[in-house]
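What follows is a short report on a single structure.
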Amino acid sequence: MLERVPKFKTLRQLEVLVNSFKGKGKTIILANGCFDIIHVGHIRYLTGAKALGDILIVAINSDESTKALKGSGRPVTNEEERVEIISALECVDYITLFPERNVENILLTLKPHIHAKGSDYTLDTVPERETVKSYGGKVAITGDPKDHSSKDIIRKISNFGGSSSE
């Protein structure tokens, strides 16, 4: 199914594209996350990331790594659907999936100019900040205050109860 999503690329395909873009003077941004239940915080994060440069690559946690990070019952939306949803966003240029808990391998392979993280981090708490610094990249925090989360949406829906007004 992922072959139906033109923005989806393997890490090797992205490496070739990124090297070409860098040769043309383009600024590469990498954003990442689970993007389990898409909400306005995700949109603001990714829109803010794209504003930092020319090419926005979004690395999405695989189902396996999302479950490891978020716990049992997650992800709610499978990885193929999450890729398709994020690819529909105009601000996103390319997408890849990754099985690890963090994006260090992707950062070291692509060496994007900027690694964008959401506002649930600070410049000092980004887990991959030393990796980014090791190749001369920069870390940026984008998006609005962290007052949106998939976990809160799930909790709200589960507390909604049986009353339905469809």
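Would you mention how many residues in the range 10-31 are touching a Ser or Thr at 6+ places or on another chain (Cβ under 7 Å), hydrophobic (A, V, I, L, M, F, W, C) and within 12 Å of residue 112 (Cβ to Cβ)?
Counting residues in the range 10-31 that are touching a Ser or Thr at 6+ places or on another chain (Cβ under 7 Å), hydrophobic (A, V, I, L, M, F, W, C) and within 12 Å of residue 112 (Cβ to Cβ) gives 1.
Taking the range 72-99 only, how many residues are crowded, with 20+ Cβ neighbours inside 10 Å and modelled with pLDDT under 95?
1
Restricting to the range 127-166, give me the number of residues that are surrounded by 13 or more Cβ atoms within 10 Å (Cβ to Cβ), part of a loop (DSSP other than H, G, I, E, B), over 16 Å from the mean Cα position of the chain (by Cα) and modelled with pLDDT under 65.
Here the count works out to 0.
Could you please let me know if residue 72 is in a helix (DSSP H, G or I), small (Gly, Ala, Ser) and over 11 Å from the mean Cα position of the chain (by Cα)?
Considered against the rule, which asks whether it is in a helix (DSSP H, G or I), small (Gly, Ala, Ser) and over 11 Å from the mean Cα position of the chain (by Cα), residue 72 comes out as no.
Give all pairs with beta carbons closer than 6 Å in which a residue from the range 103-128 that is small (Gly, Ala, Ser) meets a residue that is assigned to a strand (DSSP E or B) and crowded, with 22+ Cβ neighbours inside 10 Å; count only pairs at least 6 apart in sequence or on separate chains.
Cβ pairs passing all conditions: 116/29; 116/31.
Just give me the residues in the range 1-38 being within 14 Å of residue 84 (Cβ to Cβ), among the hydrophobic types (A, V, I, L, M, F, W, C) and not in a loop (DSSP other than H, G, I, E, B), in sequence order.
2, 8 - these are the residues of the range 1-38 that are within 14 Å of residue 84 (Cβ to Cβ), among the hydrophobic types (A, V, I, L, M, F, W, C) and not in a loop (DSSP other than H, G, I, E, B).
The values are calculated or read from the model by the stated rules, or taken from the named source; none is laboratory data. Source: prediction; values computed, not measured. Here Cβ is always computed from backbone atoms with ideal geometry, including for glycine, and neighbour counts include all displayed protein chains.
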